[in-house]
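Reviewing the structure listed below.
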Amino acid sequence: MRIAFTAPMKPLDDPVPSGDRTMGRLLVRALELAGHEVRIATRFRSWSREGGVSRQNRIEADARAEARRIGDDWAREGYRPDVFLTYHLYHKAPDWIGPALADRFATAYAVVEASRAPKRRTGEWAHGFAAADMALARADRVAALHRADHECLADVVPQDRLQLLAPFLDAAPFLAMPHQRAAPRAPLRLLAVGMMREGAKLASYRVLAEALRGLAPATYHLTIAGDGPCRDDVASLMHGLPVILAGEVAASDMARLYAAHDLLVWPAVREAFGFVFLEAQAAGLGVVGGATFGVPDIVAEGKSALLSPEGDAPALAANLSRLLADPARVSTMGEAARAHIRERHTLGAGAARLDAFLHGALRHHASTARQ
């Protein structure tokens with residue numbers, strides 16, 4: 001089928017790497033793998049760092065002008081999509097373009113990864129919140145990427161139009177990479193991967209540093225892959241610990257980096273789910289992390305991962321201590337991790353689920369058109 005695609009949170013060609021950009025690109029790859037023809041309808045970005053009705057009114061006006069321009073171009077070309085698919089909308093990144101074009105061309109409208117925070121119903125984000133809710137009401141199908149979002153969306157999206165869509169990745173490069181040593185042994189090689197910026201990322205590094213200070217330094221060595229404006233802060237947090245800051249690592253080198261380590265450790269403060277958990281497991285690494293939002297949905301708790309409450313440094317340290325004292329379990333977790341990814345989170349599995357999701361949107365649209 002013909003799919004028109006947009007990502008109002010972050011365009012797919014945005015120069016700043018992030019999990020959001022990665023997931024958007026993977027969605028397009030999965031759609032094409034499933035045999036669909038994908039057209040990027042627009043790279044218009046409705047996301048705004050700051051709220052306020054006047055600012056959001058200006059963004060809405062620009063978005064509606066963009067929708068008219070696209071619609072006129074499509075009409076002249078004779079193009080009509082079967083489904084307009086929007087990736088990631090919420091109060092800071094509403095979608096005015098998808099619903100407008102879906103209405104103009106009488107086509108199905110679907111959303112992958114929507115989130116909803118009822119506390120934003122009033123206040124500086126009220127206009128964006130209402131716009132996001134209107135898009136959800138128009139959608140023929142809505143997918144949440146984890147249970148926490150699913151529960152919030154269930155208040156406004158009927159169950160027959162709402163589903164969970166498990167995140168996925170191109171696992172092949174990670175599954176194919178052999179480990180650089182046959183079995184874990186002391187000191188264990190730990191890996192953390194995360195951008196160094198204010199907010200949740202820096203909070204994760206604080207929790208990680210606190211947890212590490214509760215461990216015997218001779219039992220582990222940690223490599224941190226990542227960079228950003230808070231690099232000096234992270235270096236200060238890790239001062240005196242057996243830690244190397246590796247800086248930013250190219251995506252093409254990540255599989256090799258994972259394969260050189262024994263465990264991924266990441267507190268995941270405020271993480272939606274964390275692509276690094278998927279990548280690490282595909283590379284055969286067990287995970288020690290925070291049980292935040294969608295993280296429990298993408299690991300096999302007790303088998304491929306040990307999770308602790310979000311922000312709980314002592315609990316994170318306790319899970320690390322268990323594995324530092326039991327290298328054989330580290331190896332078993334790595335094997336379970338790869339099996340978990342093969343079974344649930346490959347690109348092929350994602351393509352199949354996404355294809356079924358879109359056909360559900362078409363069925364709903366057809367049924368409402370007959371009414």
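Readers should treat all values here as calculations from the given coordinates under stated rules, not as data from a laboratory. Please read all numbers here as calculations on a predicted model, not as lab measurements. Glycine gets a Cβ as well: all are built from the backbone with ideal geometry, and neighbour counts include every protein chain shown.
Can you tell me which of Leu264, Leu188, Leu145 moves the most in a GNM of the chain? Springs connect C-alpha atoms under 10 Å apart.
Leu188
Can you work out ³J(HN,Hα) from phi for every residue in the range 305-314, in order, using Karplus 6.51 cos²θ - 1.76 cosθ + 1.60 and θ = phi - 60°, giving whole Hz and x for Gly and Pro?
8, 10, 10, 10, x, 4, x, 8, 5, x
Gaussian network model of the chain, Cα springs within a sub-10 Å range: biggest mean-square fluctuation belongs to which of Ile298, Ile59, Ile341?
Answer for the Gaussian network model of the chain: Ile59.
Let me know the shape class of the range 20-168, please: from the alpha-carbon gyration tensor, a ≥ b ≥ c as square roots of the eigenvalues, rounded when a/c is under 1.5, otherwise prolate if a/b is greater than b/c, or oblate.
Since a/c reaches 1.5 but b/c is at least a/b, the shape of the range 20-168 is classed as oblate.
So which GluC sites (Glu not before Pro) in the range 151-234 are both in a DSSP loop and have at most 16 other Cβ atoms within 10 Å of their Cβ?
Glu198
Using Cα-Cα distances under 8 Å and only pairs 6 or more residues apart, what relative contact order does the chain have, in percent?
17
Which entry in (1) 29.3, 93; (2) 20.7, 67; (3) 21.7, 69 matches Rg and Dmax of the Cα atoms in Å derived from the coordinates of this structure?
(3)
Give the separation of the Cα centroids, the range 68-119 to the range 188-248, in Å.
40
Would you kindly derive the ³J(HN,Hα) couplings of the range 5-12 from the backbone phi angles with the Karplus curve 6.51 cos²θ - 1.76 cosθ + 1.60 (θ = phi - 60°), listing them in order in whole Hz, with x for Gly and Pro?
With the stated coefficients, the range 5-12 comes to 10, 8, 9, x, 6, 7, x, 5 Hz.
Hey, what angle do you get for helix 347-370 against the long axis of the chain, alpha-carbon based, 0 to 90 degrees rounded to 10?
Approximately 20 degrees, to the nearest ten.
Output the relative contact order of the range 172-344, whole-number percent, from Cα pairs under 8 angstrom with separation of 6+ residues.
The value is 26 percent.
Going by a ≥ b ≥ c, the root eigenvalues of the Cα gyration tensor, does the range 161-255 fall in the rounded group (a/c under 1.5), the prolate group (a/b larger than b/c) or the oblate group?
The shape class here is oblate.
Which order results if Val287, Val53, Val207 are arranged by neighbouring Cβ count within 10 Å, fewest first?
Final ranking by Cβ density, sparse to dense: Val53, Val207, Val287.
Which one, Val295, Val16, Val193, has the greatest fluctuation when you compute a Gaussian network model over the chain with C-alpha springs under 10 angstrom?
Per the Cα network of the chain with a 10 Å cutoff, Val16 tops the list.
Could you name the lysines in cross-link range of Lys201, using Cα to Cα under 21 Å and dropping any fewer than eight places away on the same chain?
Qualifying lysines at Cα under 21 Å: Lys10, Lys92.
Computed FRET efficiency, Cβ-Cβ of Glu124 and Asp103, R0 30 Å: what is it to the nearest 0.05?
For R0 = 30 Å, the calculated efficiency reads 0.60.
All other residues with a Cβ under 14 Å from the Cβ of Leu165 taken together, and with Lys, Arg as +1 and Asp, Glu as -1, what is their net charge?
Neighbour charge sum, excluding Leu165 itself: +1.
Mind checking the range 12-78 for GluC sites (Glu not before Pro) that DSSP puts in a loop (not H, G, I, E or B) and that have at most 14 other Cβ atoms within 10 Å?
Sparse-neighbourhood loop GluC sites (Glu not before Pro): Glu50.
Remind me, relative contact order of the range 135-219 in percent, using alpha carbon pairs under 8 angstrom and six or more residues apart?
It comes to 21 percent, rounded to a whole number.
Shape of the range 172-344 from its Cα gyration tensor (a ≥ b ≥ c, root eigenvalues): rounded if a/c is under 1.5, otherwise prolate when a/b > b/c, or oblate?
Rounded shape, in that the Cα axes give a/c under 1.5.
What are the ³J(HN,Hα) couplings of the range 292-302, residue after residue, when phi is run through the Karplus curve with 6.51, -1.76, 1.60 and θ = phi - 60°? Round to Hz, x for glycine and proline.
9, 6, x, 4, x, 6, 10, 10, 9, 4, x
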